[in-house]
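Trainee: Can you read through this structure? Questions will come right after.
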Amino acid sequence: MRRYFAALAGALLLMGSLGGCGNGRQERVDQSHFAMDTYINISVYRAEDKAAAAACFDLMDRWDQMLSVTSETGEIAVLNRDGHARLSHDTIALVEKALECADLTNGAFDPTLLPLKNLWRIGERSADEPLPSREEIAAAQGATGYGKVALSGDAITLSPGMGLDLGAIAKGYVADLCAQYLLDHGVSMGIINMGGNVRLLGGKDYNVGVRDPRGSENQLLLTINTRDCSIVTSGDYERYFEKDGVRYHHIFDPKRGYPADTDLMAVTVIGSDGALCDALSTAFFVIGLDGSVTLMEHKGLDVDVIFVTTDQRVLVTPGIRDRITMVNNTYTLETLP
């Protein structure tokens, strides 16, 4: 059996050449692009598949424009500016998916946290700047809440001061659309890497490396041997600053208005639905280990998960235990009940 290697490490995908069979080596064809606020790489394994892969970048650009919160003409930007809008069928479908995921996770994933994100400015704020005040955080929280989003057909209305931001679900959703586009155009094997979101295409096994959340970009924690699925990681190491010994990162706890503070450093979710994996990786990080396990049990979620805790434990669901190989053995590997 041939195996392929990829590394899931923030915005970086590292892959070796593919060992072929029969008449020689089968080489990957890589194409790169920047969209949806991340560097994207699509790998296919036949030269004739390059055109289909390139067309996926056009698809990503279209979604980037529709979902941008800063573009003057993007559908979501116009909605946030005016408080109401009629959205395209595609955008409405993603909004509905986001609200379903918010309800599924009891609001741990919430697509209406733009006021908090704008207040905290993670990635832009200097550690020398004062933190937002409790009053400012409370005011921003008052303008959030997925239950305040009103949908009627293609019409959507937000409460005053609200802002929709689909960034925590869009990459998984769009990666699935691109995977389907590739399949529809005869591409039988490939990898779509959108930063911390990887979509594997085809029936061949890949060894996917998950980054050490306290290592450099190229340092792996473990590898997973898997196929034909989405793999999404959320962690506190992607965008953050430190102040007075506290790490303030970009994943917010909707109930507190602060960056999530649990027993987790990173969460990787593996499953067939990229959008769901994307949303759950955020929700699980916000909820913490015990709450996430309880949510999975109560909701019967059909995903596999890798939890990396702050005390350097790696806890995995039974379905993927035999497919994991540890790289950094300073962490202990455990299987969840």
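The values are calculated or read from the model by the stated rules, or taken from the named source; none is laboratory data. Owing to the predicted nature of the structure, the values given are computational and were not obtained by experimental measurement. Here the Cβ is made from the backbone with ideal geometry for all residues, glycine too, and neighbour counts use every protein chain on show. When the accessible area is computed, the model is the full protein with side chains, heavy atoms only, and any ligands, DNA or RNA have been set aside. Shrake-Rupley method; radii C 1.70, N 1.55, O 1.52, S 1.80 Å.
Trainee: Do any strands (runs of 3 or more DSSP E) lying entirely in segment 264-316 carry at least 2 residues that are under 22 Å from A175 (Cβ atoms) and either touching a residue at least 12 places away in the same chain (Cβ under 8 Å) or of a type in the set (A, V, I, L, M, F, W, C) (or both), and which ones are they?
Mentor: Strands (runs of 3 or more DSSP E) meeting the threshold: 264-271, 304-309.
Trainee: So, in segment 320-333, exactly how many residues are open to solvent by 60 Å² or more (accessible area, probe 1.4 Å) and either in a helix (DSSP H, G or I) or under 20 Å from S292 (Cα atoms) (or both)?
Mentor: Residues in segment 320-333 being open to solvent by 60 Å² or more (accessible area, probe 1.4 Å) and either in a helix (DSSP H, G or I) or under 20 Å from S292 (Cα atoms) (or both): 4 in total.
Trainee: For segment 259-279, name all the residues that are farther than 30 Å from C178 by Cα and buried (at least 18 other Cβ atoms within 10 Å of the Cβ).
Mentor: Hits for segment 259-279 are P259, A260, T262, L264.
Trainee: Pull up segment 237-254, narrow it to residues that are at pLDDT below 95 and part of a loop (DSSP other than H, G, I, E, B), then point me to the one that is least open to solvent (accessible area, probe 1.4 Å).
Mentor: The extreme case among them is Y237.
Trainee: Anything in segment 188-205 that is at negative phi and surrounded by fewer than 24 Cβ atoms within 10 Å (Cβ to Cβ)? List them, or say none.
Mentor: Once the filter is applied, which keeps residues that are at negative phi and surrounded by fewer than 24 Cβ atoms within 10 Å (Cβ to Cβ), segment 188-205 yields S188, M189, I191, G203, K204, D205.
Trainee: Those residues that are open to solvent by 20 Å² or more (accessible area, probe 1.4 Å) and part of a strand (DSSP E or B), I need them from segment 207-222; list them, please.
Mentor: N207, R211, L220, listed by residue number.
Trainee: Please find, among E129, E100, E136, E124, the residue that is of a type outside the set (A, V, I, L, M) and either on the phi > 0 side of the Ramachandran plot or in contact (Cβ under 8 Å) with a residue 12 or more places away in the chain (or both).
Mentor: Among E129, E100, E136, E124, only E136 is of a type outside the set (A, V, I, L, M) and either on the phi > 0 side of the Ramachandran plot or in contact (Cβ under 8 Å) with a residue 12 or more places away in the chain (or both).
Trainee: Answer with yes or no whether G195 is in contact with a helix residue (DSSP H, G or I) (Cβ under 9 Å, 6 or more places away or on another chain) and within 15 Å of F57 (Cα to Cα).
Mentor: Against the criterion (in contact with a helix residue (DSSP H, G or I) (Cβ under 9 Å, 6 or more places away or on another chain) and within 15 Å of F57 (Cα to Cα)), G195 qualifies.
Trainee: Right, something else. Within the group E124, E136, E129, which residue is open to solvent by 40 Å² or more (accessible area, probe 1.4 Å) and assigned to a helix (DSSP H, G or I)?
Mentor: E136
Trainee: Go through segment 216-243 and give me each residue that's within 17 Å of M265 (Cβ to Cβ) and small (G, A, S).
Mentor: S216, S234, G235
Trainee: Looking at this structure, is N106 part of a loop (DSSP other than H, G, I, E, B), open to solvent by 20 Å² or more (accessible area, probe 1.4 Å), more than 22 Å from Y237 (Cβ to Cβ) and at pLDDT 95 or above?
Mentor: yes
Trainee: Looking at T309, T268, T317, T335 in this structure, which one is in contact with a Pro (Cβ under 8 Å, 6 or more places away or on another chain), at pLDDT 95 or above and polar (S, T, N, Q)?
Mentor: From the options T309, T268, T317, T335, the qualifying one is T335.
Trainee: Could I ask something else about it? For the subset of segment 180-197 comprising residues that are assigned to a helix (DSSP H, G or I) and without any contact (Cβ under 8 Å) to a residue 60 or more places away in the chain, which member is nearest to the chain's Cα centre (by Cα)?
Mentor: Out of the qualifying residues, it is Q180.
Trainee: Turning to a different aspect of this structure: What do you reckon, is V174 of a type in the set (A, V, I, L, M), under 13 Å from the mean Cα position of the chain (by Cα) and not in a strand (DSSP E or B)?
Mentor: yes
Trainee: Same structure, new question: What's the total number of residues in segment 28-84 that are hydroxyl-bearing (S, T, Y), assigned to a strand (DSSP E or B) and without any contact (Cβ under 8 Å) to a residue 24 or more places away in the chain?
Mentor: Of the residues in that region, 1 qualify.
Trainee: Filter segment 280-291 down to the residues that are touching a Leu at 6+ places or on another chain (Cβ under 8 Å) and either open to solvent by 10 Å² or more (accessible area, probe 1.4 Å) or not aromatic (F, W, Y) (or both) and list them by number.
Mentor: Hits for segment 280-291 are L280, A283, I287, G288, L289.
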